1. Considering only the range A:81-97, state which residues are within 14 Å of chain B (Cβ to nearest Cβ) and closer than 14 Å to A:Lys6 by Cβ.
2. Could you check, for the range B:19-30, whether at least one of its residues is modelled with pLDDT under 90 and among the hydroxyl-bearing types (Ser, Thr, Tyr)?
3. Kindly evaluate A:Leu72 against the criterion of being surrounded by fewer than 18 Cβ atoms within 10 Å (Cβ to Cβ), at pLDDT below 95 and within 13 Å of chain B (Cβ to nearest Cβ).
4. Among all residue pairs at least 6 apart or on different chains, which show Cβ distances below 8 Å where the first residue, located in the range B:80-100, is in the same structural domain as B:Asn210 (by TED's automatic domain parsing) and part of a helix (DSSP H, G or I) and the second is crowded, with 16+ Cβ neighbours inside 10 Å and of a type in the set (Lys, Arg)?
5. Kindly check whether there is at least one residue in the range B:122-142 that is modelled with pLDDT of 90 or more and in contact with a Pro (Cβ under 7 Å, 6 or more places away or on another chain).
6. Name, by its number, the condition in (1) under 30 Å from B:Phe149 (Cβ atoms); (2) out of contact with any strand residue (DSSP E or B) (no Cβ under 9 Å at 6 or more places or on another chain); (3) surrounded by 16 or more Cβ atoms within 10 Å (Cβ to Cβ) that does not hold for A:Arg38.
7. Would the range B:215-224 turn up any residue that is modelled with pLDDT of 90 or more, basic (Lys, Arg) and loosely packed, with under 15 Cβ neighbours inside 10 Å?
8. Name the one entry in A:Leu27, A:Leu62 that is more than 21 Å from A:Ala146 (Cα to Cα), part of a helix (DSSP H, G or I) and in contact (Cβ under 8 Å) with a residue 24 or more places away in the chain.
Amino acid sequence: MSKSLKTLSDDLWKNRVEKVNSELFTLTYGSLVAQLCRDLNYNYAEVNAHLEKMGYNIGLRLVEEFFAQTNLGRCQTFRETAEVVAKVGFRMFLNVVPQVVGVDEKQFSLVLDENPLAEFVELPDDGKAFKELWYSNVLVGVLKGALEMVQLEVNAFFVSDVLRGDDTTELKVKLVQVLKDEIPVGED
Amino acid sequence: MSSSRLLVSGVGYDPAVGPQSTGPQVQQLATSTSSLKRQFSASGGAHSSIFDKNLHRAKHDISLSSLCYLFGEIVSWCDSKSRGVQQLESRLNNLGYSIGIKYLELTSLRENFASGNISSSSKSHATKREVRILEILQFINSSVWKGLFGKMADKLEKSQDLANQYMITDNLPLISKYISVPKEFQHLNCAAFVAGIVEGILDSAYFQANVSAHSFPEPGLPLKTVFVINFDDKVIKRESMRFER
């Protein structure tokens, strides 16, 4: 299973994905976060929330491209979901493959050895940002939004970030519930 | 300026070394950058800072869609914060501006390292810095565009009517590629963000200018954008004092 996922994502990356230098992406994200910090008066809890909301909007739309490109079917287990998110999703959009750790039927963690969002980044030296700001929080929103579109309501959050001086950057995803397929109004 | 002098003479912020370059231990530093790095990580405290990392990264590509999703969110957030197209464009411009300031430093450091101007070897070239309008514009047109968008800009022109006006044309700005502008925003050009980058670069290189992005759709090139650069009069004056006659 995992082998074929790798072949699939390698093939996608090589042949289907339109690529761009990640530096522009990194810089763009950086100036966004900096501007958000200024606009929200360095209230980092609000910055986190806002980044998550932006990510959520992205996730809702990104999932469509994901399925159009991959033709993957429904995952049978949450473990499988974890594998697909890491090996295909992250690879396809950020060209990195996080490690999947601590996986069971209710949760998994993604450990990002490389994080294209956080290259060239230092957190503000105001004594607060190191404790309160989750710089890459947009990813949390993306995961929530994208998984919600496949009927998985999840809770996601960062537990550590190398930018804060931690050893690893770890993002935890917990399954809240499997949503029922809802039929849009007017379609029986 | 010789390369070894450059390392020890910095007072305050020296981009070649980092922010803490004034202590006495700097003067004892050997000229090789590797020993410099060691010193700094030893004295740098618990967190390794970005100055410990290599300036040259292995080239990493990501999906263009990711950039476009992000940029789309940025545009709609800027929109929610502003009244009218003009404010929206100036917000985008500001975001780009902060990138431009940093990007000039990054690319010029890289280019100088690559060509051996600042290095551990004993070559004593002066650090290259563009001082003429045309040179800095060509630098933007080629090096900057290539670094950011993977291609050169399509055209660099001087205005025939105004002495202080130059134009850079991009037939297909990467960033606007997947943005469809609604009818009520028909004058909006999201490449205002790129204009901001250019403005940031020019300002931090002491070529004060205003840069704006304008759409010039042509058959076959619906997204063709012209970046109009208006230099301050003093820049033009300086140029003519230095280089004419």
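1. From the range A:81-97, those within 14 Å of chain B (Cβ to nearest Cβ) are A:88-97; that's our starting set.
Residues satisfying the conditions are A:Val88, A:Gly89, A:Phe90, A:Arg91, A:Met92, A:Asn95, A:Val96, A:Val97.
2. Scanning the range B:19-30 turns up at least one residue that is modelled with pLDDT under 90 and among the hydroxyl-bearing types (Ser, Thr, Tyr).
3. No: the conditions fail for A:Leu72.
4. That search, which allows pairs on different chains as well, returns B:Lys81/B:Arg91.
5. Checked the range B:122-142: no residue is modelled with pLDDT of 90 or more and in contact with a Pro (Cβ under 7 Å, 6 or more places away or on another chain).
6. (3)
7. No, the range B:215-224 has no match at all.
8. Details: A:Leu62 fails: more than 21 Å from A:Ala146 (Cα to Cα).
Unique residue meeting the criteria: A:Leu27.
The values are calculated or read from the model by the stated rules, or taken from the named source; none is laboratory data. Note that the coordinates shown come from a computational prediction; the quantities given were computed from them, not determined experimentally. Neighbour counts are summed over all protein chains in view; Cβ atoms, including those assigned to glycine, are modelled from backbone coordinates with ideal geometry.
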